[in-house]
Every structure is written in C-alpha cells, then in structure tokens.
Amino acid sequence: MPAATNTWLNKIAKEKTKLLQEMFAMEPIHVEVKDPRTKKLRPHQQGEDIVYLWDKIYAADEMMQGIVVDTVVGPSTPGRDYVDDAHANPAMPYQQLRALVGDGGKWKWPEIWKNLDLLPRRGPAWRHIDDPSNLGKIENPNPHVVPLNCLVVGGGPVGLRLAIELILGGHRVTLFEKRREAVDKESGLFEKLGFTNRVNRPHINNFCRNDLESLNGRNFMTPKMCYPVFTNTHTSSIGIDESQMLLLKTALLLGVRFELGVGYADAEVDIENEKNQRPTWLVQYTADPIAQERYGKSETGEQRFDCLFGCDGGASRVRSSQVEWLGEPKTRLYKKMFGIVSNLRKVGRSKLKELGHETGLEPEDRAGGTTGVFFYKASYHNYFIVHPPADEMEANGIPWKGIYSFNHAQKGVNEEKEDTKRKLRTFMTKKAKELGIPIDENLPNGGFVEEPNDVMGFDFSEFYNCEKSAACMVPPLDWNADEDGEWEIHCPLVALCGDAVADPNWLLGVGLQRGWNSAMDACFYADNVYNNKTFNGEPPSKDEPIEGPIEWLEHMDNMMNLMQKLGNASRDSKLSDEMDTGMLDEKGPIVIQMRRALASRKVEAPVPAYLPLVAPWGRYKQFTLAVKNNYKGKDLLKNIHPLATRELTIFEHNAAVVSKGAVVKMKVTRPSAALITWPKRFECSVFWGMMKLLEIDGRAAPGEKPLDKPEKSKQPPPEDVKPVKHNVEEVKNIAKKKSIRLRESIVMQAMNPSPAGVGRKDRGGLDSLISQAASRGKAMQTARGEENFSPSPVNTPPP
C-alpha cells in the first residue's frame, strides 16, 4: 500500500480537529444561553452528546483505532492491550489522535496533551522510564500490577474518576451507564432523564479541586464555569453535571470504554478454568435498542469481568445483588432534618439593582455553617438550599417527604407531586426574598430552572452506611487444581464507591470527598490483588522491608483487613493534613528535599499542590506517622521521596519546555486555519511528549518505512492424545480423604488456630470468610499440603 501523503493526512486531521474542538468545548446547559458571538441560543448539551461525538472521533472509527505510533519501546499495538498480552504495547486514544492532529492550530491543545501525559502511570501502563510521562527519572510506583478486565457500574463523577485511575494502572475498563436521556419531540417533556441531568452543586475539597485541575479542568471548562470551582476557593463547588462532562472527556481520551444505555442487572461468581480455579464475575446486563446496535449486544446478555465496581449511587444494584459478600447496609437515625434544594435562573443586572444589589452584582456565596443556608453561584444558574425546621414546614403545608420528579411525557401530570412542587417553589421564593438571594419571578418557571432540577426535597433524618465496602478471595495465578486441590472460597474483587457505600451527607459536604477516596481505594485493591511481593497491607517501611513473597493466605488476609481499615477511614473522613489542606506540608520531606536540590542553583522551590494518589498511605491520617518515620534524621536526605523526584523532574522539564516554546513563538509564525498543513501542526508548538505517527489505515506516515507485519506461525496440528484411564475406586478414595480433611479444617478453625502465616491479631478478614464458608458446609483448603505453600509470581500474566 502506498505511503500516506501530507495532503491526505491533513484532510483527515482537519475533520478530527473540528470534532475534537467541539467536544472540548461542550458544557452542560439547562437554560436558554446565547452565544456571545452569534447571539443565537446555544444548543442543549449533555453527557450523551459527548458520547455520540466520541463515536465519530474515535470509538466507531476503525482507522483512528488502528493508528500506530512510535513509543520508547517500539511501535504501538492497536487492538491489543495488557489484558490480552503481557507483551502488548497499547497507545491511549489521545496519543493516537495527537500524532494525527498535532496542536490542531490551537494554542491550548499542547497544554491539554501535556496534562494527560503528566497523569501518573502504574504497572504496565508506566511502560518505560524514558516514556514521556516518566521523563527518564520517574520510577514505576507499582511494577507488580497484574492487569485486570474491570467493570465500573455507574457514570457519575465517582465512577468516571475510578475508571480513569484504573486505566492509568494498565487495566482494561468498561463502564456501564444505563441512563440515556429521552425527550418527547412534541411536548418537549422528558421521557427519561439522562446520566448528566443532575445540576446540584456539592462542595469540593481542595485536594479534589487540584485533582480536577490536573485532569484538564481549566481546559475542558469555560472561564465562566471555572470561576466557582478554581477561583472562588472559599466556597468551592462544582455541578454534578459539570464534573461528569469534564471527567468523561478525560476518560474517553485515556481509553475507557463507555457503554451508554447498558445497565447492570446481576452478577454471579463463575470459574471459567477449573484447573487454575480463578474466579470471575459473570455479569448479567440489559441494553436499550441503541446500545444493542452500537455495541453489538443483545437486549439481555452476559459478559465476563475480573473485577466489579459499584458506583451506582444510594440505590446501588451492585450492592443489593452482592449482599453475600458485602452485607446489608446499616441505617441510623440522624436529627430530624429536611433539605429543600432549588436551582434559580440568573437575574439581569438591572433587576439585581432593583432587588437592592446596588452594584448590579450577585451576592457572595454562602457555605451553610450554622445558618443551614447554602448559596453557590454557577455559570448559568444559582444553587440555593435551606433546611427549614418542622414547624415552618408545617406552616407552609410542606409534607415531610422526599421528592425529585418531573412531568413524564407519556404519563401525564402527577397532581400530588405537582402540588408539592408548587408549595416548594412558593416557599423557596419567599426564603430567597427574605435572605437577599436574587430571584426574578417574571422569568420562565417563576425564576427556577426547568424540572426536575427546579426544586427538590430530601429527608435527612436517616442515613445508611455499609460496614463492608469491598471483598476479595482468589487463588494465586499459578494455582493448579490437579496438584493443589480445589480452592474453596471464590470471590473476585468487588468494591463499592461513593454514595453506594454511605449517605453523602450534604450538610457536612463530604460526598465528593468520600467518593474520591473510595475510588482511589478500590483502584489500589485492583492493583494489588495479585501482588504479594511489595504489598503487605501496611505503608512501606525502611526498617521492615518486605524481603520476599508473602504466603498467599496471609496476603489475602492483609488485603481484606486493609479493606476494612480504608472503608472506615473514608467514611469517617480521617484525612491526612495534606489531603485536608490540599497543599504539601512545607516542613514535610517532599518540600524539604526539593528545596535542598534547587538551593545550589539559587532557584526557589515551589510548594506543589497536593494530588491524591492511588496508594492510601498519604491520604489518611492513621498512616502519616509510619510514612514520616522513613524520613527521620539522616534519612531525610538519604531516602529520597518518590514524589520529590517526580515534582523536581516535572519542574525542571517544564522550565525547558517553556524556554523552547518562547523561542518557537519568536521564530515560527502560525498559519491561519485555512493555510495550515500537516507538518505545520507539529512545528508551531512545543509538545511535552509526542509519539510520532508511524502508520494509519495500513499506510506508512510520510518519511516512515512500512511496518513489518508479523506472519502467522504455521504449527503442525496437535497429535491425538489418548485420555488417561482413571481407577474409579482410587478417585473415590482420594475424594473421601479430601472431604474428611475439609471437615477437620473447619473444626480446627473453630478451635482457634491461625492459618499458616497469619498472626492472631490480624485474623479478622480471613476468619470472616472462613465463617461464611463453614456456614455453607465449606472451608478454605490451604495450599500444597496446608504447609508448604509456594506463592505465585505476581508478574505472571493472567491466563
């Protein structure tokens, strides 16, 4: 096939540049907004629009998916990931697209690509020390990650954030999101709400804000939308829909497979290979007609995954379907309290003056406190919450009953709910006037945005909480049932995140905080399921390093005990000081080591913003002391913190990129969009890390040699193997001996001896599962004769 020409490539690049520009600019719009240039109303935009556009850009375009780029370890391998092949070398979609479109003729795009390059990789996704993300100095935080096929259920902020982090560890990630928006064309009423139809604005902590900024928050959100998130730090808030659309863009660019219209129904544990006994989740799903056509699914079907993550909210279907492993959520009474949430339309400047705001500007945000009043300004509407006492609710005829509803296009008006909503709107209008919150009753819907987000009522009198947020019990990768016997307790990794674990408690503003931490924790479990080399359930210690593979049962117990610790720490918001402030400790080892390194060059070291990492040791207070012990006294300068190396490397490389960019800006004139050529897409900007294009649509890129196509090996057909004849009586005797040994094991566990390698004080997680097995007439069978267990090499690829 002839090589690709610059003209042909530029034509394709122009098409993709236009679509990418449209995707990057998408933001949720729920009210009438005019474009400042055209003065025309901007179209209604939701998360579905991003998904449909991404199909055109990449997901449904085999040419884009087949792009081969040059990585530091050789050509990328389209269509093969680390789950398929331990030797695969996949490129992420943004790396493939960047090799085609370059800077797109846009000054902001190199910054977008840079931020994606800077996201920390782990496991196989780290690729190599000289990869552009590692800059020759940043070591792999966890080289023992075994890539897993993961299912995330729920496309809310937490589910999307978890999916992003899993991809960065080299895992394969599919996300099921059932909710697809449907609007009746004649009436304009909703038939179904979409997954980004919620516009409520939760409070965000500093670490969460830093994290969103690192994920291209400022680049994927308009300045108007950025202000309440990144500028007004006193009362930082972000719309649920805003965070979803921002995170969705990043997730898709990194390679998350987002399946819209596909819902989780149930899942059961299944052993696909009886020899290695490795359990997987056989997930039952439903798919709407669009999803059936788009993803090649049936209306109902089954799909196999290694891990299952429930990020599907308070009414979590994952949680309710896995009670056997996670238990029933506990509920507790809180003080009797009701919250009324409203979203108000923006008021014009002249009306603001008329309402008593002399400057014509909106009042400052209010963050609750003792008043119970929250007022957050958003880009195109304002968020207003009050918590009225019971007597005030009774006086205004407001029932103590939660409500979040809309008039269904095909079901008519629910008079009872509509009457309640009228009372809520009347009450909130009165409260807005009393508190000086701007509202214009002459605007559509009396000054409120359209339903269902106009007014809502929530009963905060009772909270739910899951005592267990995760579970896992799997055999090592080298388990052989023929030699080791049957592995008795089969539980592939299952974890709950966000509101599926505990009530978000809006009054305390901890919803996103808990969500982010639970997502990071769940990812940490996935990274270390098969890592018994460097994981022992405790922070790394210089005084007590892990000197060899940990016995497998002890490894499993370490994992389950840590799950309990992290679940409690996340629910109780036991954050480290750095997580709480969002800044690295100025007297901590990272900042001190950076200052020492830069002092000789007379460069003032910055105090970097704190970014949450997958490993929990820096996120929770209970691990702080153990981490600091590694950097005491002389060890402060001897034992270099990995984050100090990372921050210094990025700081130095960024300075070089900025200097080079200034030179390019002086020497190179950027052509207009009409005159840009394919080479110019790469000559007018400095890229943090460019992987050049090698092949597209089977054609070599200009100046590149055609890639060698590996020939299919021709192996002789296997010889007929005659089955071995077993002595039936002998098999029965062996089975009887095993059965007796299993019963004895249960009795021995009841009499208290610890399993091999498990300390008495740390038996909680393992004993719990043994108890479950015993109740079903089973017990755990210890490996290799119960004593001589040989742990699995953690870098062995999954079968």
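The values are calculated or read from the model by the stated rules, or taken from the named source; none is laboratory data. Computed from a predicted model, the values in this text were never measured in an experiment. Using ideal geometry, Cβ is built from the backbone for each residue, glycine included, and neighbour counts are taken over all protein chains shown. Heads up: the accessible areas ignore ligands, DNA and RNA and are worked out on the full protein's heavy atoms, side chains in. Shrake-Rupley method; radii C 1.70, N 1.55, O 1.52, S 1.80 Å.
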The range 140-160 residues near the modelled THR534 label - backbone nitrogen below 17 Å, point 7 Å along Cα→Cβ = 140-148
The set of residues whose placed amide H lies less than 5 Å from the amide H of SER316, leaving out same-chain residues fewer than 5 positions away, is none
For the range 54-128 versus the range 303-378, the gap between their alpha-carbon centres in whole angstrom | 36 Å
Spelling it out for ALA91: with amide H atoms placed in the peptide plane at 1.01 Å from N, the residues 5 or more places away or on another chain with amide H under 5 Å from its amide H are THR77
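Could you compute the FRET efficiency for ARG349 and HIS44, with r as their C-beta to C-beta distance and R0 at 45 Å, rounded to 0.05?
Working: r = 25 Å, r/R0 = 0.56.
With R0 = 45 Å, the Cβ-Cβ based efficiency is 0.95.
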Tell me the Kirkwood hydrodynamic radius of the range 312-398 in angstroms, computed as one over the mean inverse distance between distinct C-alpha pairs.
-> 16.8 Å
Give me the orientation-averaged projected area of the Cα convex hull of the chain, in nm², one decimal.
-> 41.3 nm²
List the relative contact order of the range 510-640 as a percent without decimals, with contacts defined as Cα pairs under 8 Å and 6+ residues apart.
-> 29 percent
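Quick check of the Kirkwood formula: for the range 244-358, what is the inverse mean of 1/r over all pairs of different Cα atoms, in Å?
Details: mean 1/r = 0.0527 Å⁻¹.
About 19.0 Å for the range 244-358.
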Filter the GluC sites (Glu not before Pro) in the range 535-644 down to the DSSP loop ones having no more than 13 other Cβ atoms within 10 Å, then list what survives.
-> GLU547, GLU586, GLU604
Going out from 0 in 10 Å bins, what whole percent of all Cα-Cα distances in the range 67-168 drops into each bin?
-> 14, 42, 37, 8, 0
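Apply 1/(1 + (r/R0)^6) to the Cβ-Cβ distance of LYS56 and LYS634, taking R0 = 60 Å, and write down the FRET efficiency to the nearest 0.05. Intermediate values should be presented prior to the final figure.
Values: r = 59 Å, r/R0 = 0.98.
Given R0 = 60 Å and the Cβ-Cβ separation, E is 0.55.
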Pairs LYS587/LYS692; LYS178/LYS421; LYS11/LYS665; LYS431/LYS574; LYS56/LYS660: which are spaced more than 31 Å apart, C-alpha to C-alpha?
-> LYS587/LYS692; LYS431/LYS574; LYS56/LYS660
Note on the range 463-541: the mean projected area of its alpha-carbon convex hull, in nm², is 7.0 nm²
Residue separation times 0.36 nm, minus the C-alpha to C-alpha distance between ALA86 and TRP107: what's the value?
-> 3.8 nm
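Restricting to DSSP loop positions (anything but H, G, I, E, B) with no more than 15 other Cβ atoms inside 10 Å of their own Cβ, which GluC sites (Glu not before Pro) remain in the range 425-466? Provide the component values of the computation, followed by the final result.
Numbers: sites: GLU434, GLU441, GLU450, GLU462; in loops: GLU441, GLU450.
In loop regions of the range 425-466 (DSSP not H, G, I, E or B), the sparsely surrounded GluC sites (Glu not before Pro) are GLU441.
Got a number for carbon plus sulfur as a percent of the range 511-590's accessible area, 1.4 Å probe?
Numbers: 1310 of 2880 Å².
About 45 percent, which is the carbon plus sulfur part of the accessible surface.
Show me the trypsin sites (Lys or Arg not before Pro) within the range 303-360 that DSSP assigns to loop and that have at most 13 other Cβ atoms within 10 Å of their Cβ. Show your work: numbers first, answer last.
Working: sites: ARG304, ARG317, ARG319, LYS330, ARG332, LYS335, LYS336, ARG345, LYS346, ARG349, LYS351, LYS353; in loops: LYS335, LYS336, LYS346.
Sparse-neighbourhood loop trypsin sites (Lys or Arg not before Pro): LYS335, LYS336.
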Zone of GLU544's modelled label, taken as backbone nitrogen in the range 617-632 under 15 Å from a point 7 Å along Cα→Cβ = 623-630
Å² of accessible area per residue within the chain, as computed with a 1.4 Å probe and no ligands counted | 47 Å²
According to the Kirkwood expression over distinct Cα-Cα pairs, how big is the hydrodynamic radius of the range 341-499, in Å?
-> 19.5 Å
Distance between modelled label sites at ASN654 and TYR295, nm, 7 Å Cα→Cβ extension | 3.7 nm
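Could you compute the net charge surrounding TYR376? Neighbours are other residues with a C-beta less than 9 Å from the C-beta of TYR376; K and R count +1, D and E count -1. Could the numbers behind the result be given before it?
Details: positive: ARG201, ARG366, LYS377; negative: ASP365.
Its environment carries a net charge of +2.
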When all alpha-carbon pairs of the range 278-341 are counted, what percent fall beyond 16 Å?
-> 66 percent
Which of the aspartates and glutamates could a cross-linker span from LYS224 if the Cα-Cα distance has to be under 17 Å and same-chain partners fewer than 8 positions apart are dropped?
-> GLU27, GLU32, ASP35, GLU213, ASP241, GLU242, GLU362, GLU364, ASP365
Compute the separation of the alpha-carbon centres of the range 220-286 and the range 544-592 and state it in Å as a whole number.
-> 24 Å
Within straight cross-link reach of LYS709, meaning Cα distance under 16 Å, which aspartates and glutamates are found once same-chain residues fewer than 8 apart are removed?
-> ASP70, GLU695, ASP697
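Between PHE463 and GLN564, what FRET efficiency comes out of the Förster formula 1/(1 + (r/R0)^6) with R0 = 30 Å and r the beta carbon distance, rounded to 0.05?
Numbers: r = 20 Å, r/R0 = 0.66.
Efficiency computed from Cβ-Cβ geometry: 0.95.
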Heads up, the range 118-255 by the C-alpha gyration tensor (a ≥ b ≥ c square roots of eigenvalues; a/c under 1.5 rounded, else a/b over b/c prolate, else oblate) looks oblate
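Okay, helix-only estimate at 222 nm for the chain: each DSSP H run of n ≥ 4 adds -39500 (n - 2.57), divide by all residues, round to 500 deg cm²/dmol; what do you get? Could you put the intermediate results ahead of the total?
Numbers: 27 runs with 275 residues, N = 799.
So the calculated ellipticity at 222 nm is -10000 deg cm²/dmol.
What is the range 48-99's relative contact order, in percent, from Cα pairs under 8 angstrom and six or more apart in sequence?
Values: 50 pairs, mean separation 14.4, N = 52.
Across the range 48-99, relative contact order equals 28 percent.
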Considering Cα pairs under 8 angstrom that are at least six residues apart, work out the relative contact order of the chain and quote it in whole percent.
-> 17 percent
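Taking 0.36 nm per residue of sequence separation and subtracting the Cα-Cα distance, how much length would be gained by fully extending the chain between LEU707 and ALA673, in nm to one decimal? All intermediate terms of the calculation are to be shown ahead of the outcome.
On the way: separation 34, 0.36 × 34 = 12.24 nm, distance 3.19 nm.
So the chain would gain 9.1 nm between LEU707 and ALA673.
Given 0.36 nm per residue, what is the gain on full extension from ALA390 to LYS336 after removing their alpha carbon distance, in nm? Working shown, then result.
On the way: separation 54, 0.36 × 54 = 19.44 nm, distance 0.82 nm.
Extra length from ALA390 to LYS336 when fully extended: 18.6 nm.
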